[in-house]
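Okay, structure first, notes after.
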Amino acid sequence: MGLTQWAYTLAESLLAEPLPRRWAHSQGVAARAHALRPILGPDAELLEAAAILHDVGYSPALVVTGFHPLDGARYLRDTEDADERVTRLVAHHSCALLEAELRGLRHELAAEFELERPDLVDALMFCDMTTTPDGTRTTPTARLDEIAERYGPEDLVTRFIRAAAPEIHAAASRVERRVSEAESDSTDVGIGA
């Protein structure tokens, strides 16, 4: 079984029944990752696997700290012996270090899981922050507004997402630029031949 197939099977087993909306979101994030294959090269399968797995830490069976990136990454590392790079992407998805700081878990997250390459961190953040809870496409602005509305103005998650907004928008811009450049490069092939 390949990495991506394994990841889909595992994520479905952890999310589909107890958290169907979270499973729909994860499938949408993975679809976005799949669409980024032209800019990911040999890391395309890795990113898609991380995308489908990024929210497994929400599964009631895995909750330990209540911080889903850390709970999910620990499960993937300790129980599933998952690919280290997938585990690192799950651990650090969508500015997780910033939220970990607010939760008093930054040291644990940083000590246990190294950051993955910035371009892959950007790509996973883009996929997550351009996908609604129901798995459809959206903009980063609309996604951030939806998160704040869902959690309420005083919730830690809302405070985190507001603090993370500049980096989320910057990451989305970087990914969109890479996609645009890749599309431009592919249309330039054959010109003048």
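The values are calculated or read from the model by the stated rules, or taken from the named source; none is laboratory data. Keep in mind that what you see is a predicted model, and the values were worked out from it rather than measured. Note that each Cβ is placed from the backbone with ideal geometry, even for glycine, and that neighbours are counted across all protein chains shown. SASA here: full protein model, heavy atoms, side chains in, ligands and nucleic acids out. Shrake-Rupley method; radii C 1.70, N 1.55, O 1.52, S 1.80 Å.
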Quote to one decimal, in nm, the extra length available between Thr132 and Ala170 on full extension: 0.36 nm per residue of separation minus the C-alpha distance between them.
11.8 nm
Calculate what fraction, in whole %, of the accessible area of the range 21-137 sits on carbon and sulfur atoms when a 1.4 Å probe is rolled over the protein chains.
51 percent
Note down the net charge around Glu114, summing +1 for each Lys or Arg and -1 for each Asp or Glu among other residues with Cβ under 15 Å from its Cβ.
+1
Springs between alpha-carbon pairs under 10 angstrom, Gaussian network model over the chain: which of Glu167, Glu112, Glu181 fluctuates most?
Glu181
Normalise the Cα radius of gyration of the chain by 2.2 N^0.38 Å (N = residues in it) and let me know the number.
1.01
Let me cross-check His93: its accessible surface, 1.4 Å probe, with only protein heavy atoms counted, in Å² to the nearest 10?
10 Å²
Distance from the Cα centre of the range 2-70 to that of the range 108-156, in angstrom?
13 Å
If amide H atoms are built 1.01 Å from N in the plane of the peptide, which residues on other chains or at least 5 residues away come under 5 Å of the amide H of Thr131?
Thr138
Expected vector for the range 56-62, Karplus 3J(HN,Hα) from phi with 6.51, -1.76, 1.60 and θ = phi - 60°, integer Hz, x for Gly and Pro, equals 4, x, 7, 4, x, 6, 10
Rounded to the nearest 500, what is the 222 nm mean residue ellipticity of the chain from helices alone, with -39500 (n - 2.57) per DSSP H run of 4+ residues and division by all residues?
-21500 deg cm²/dmol
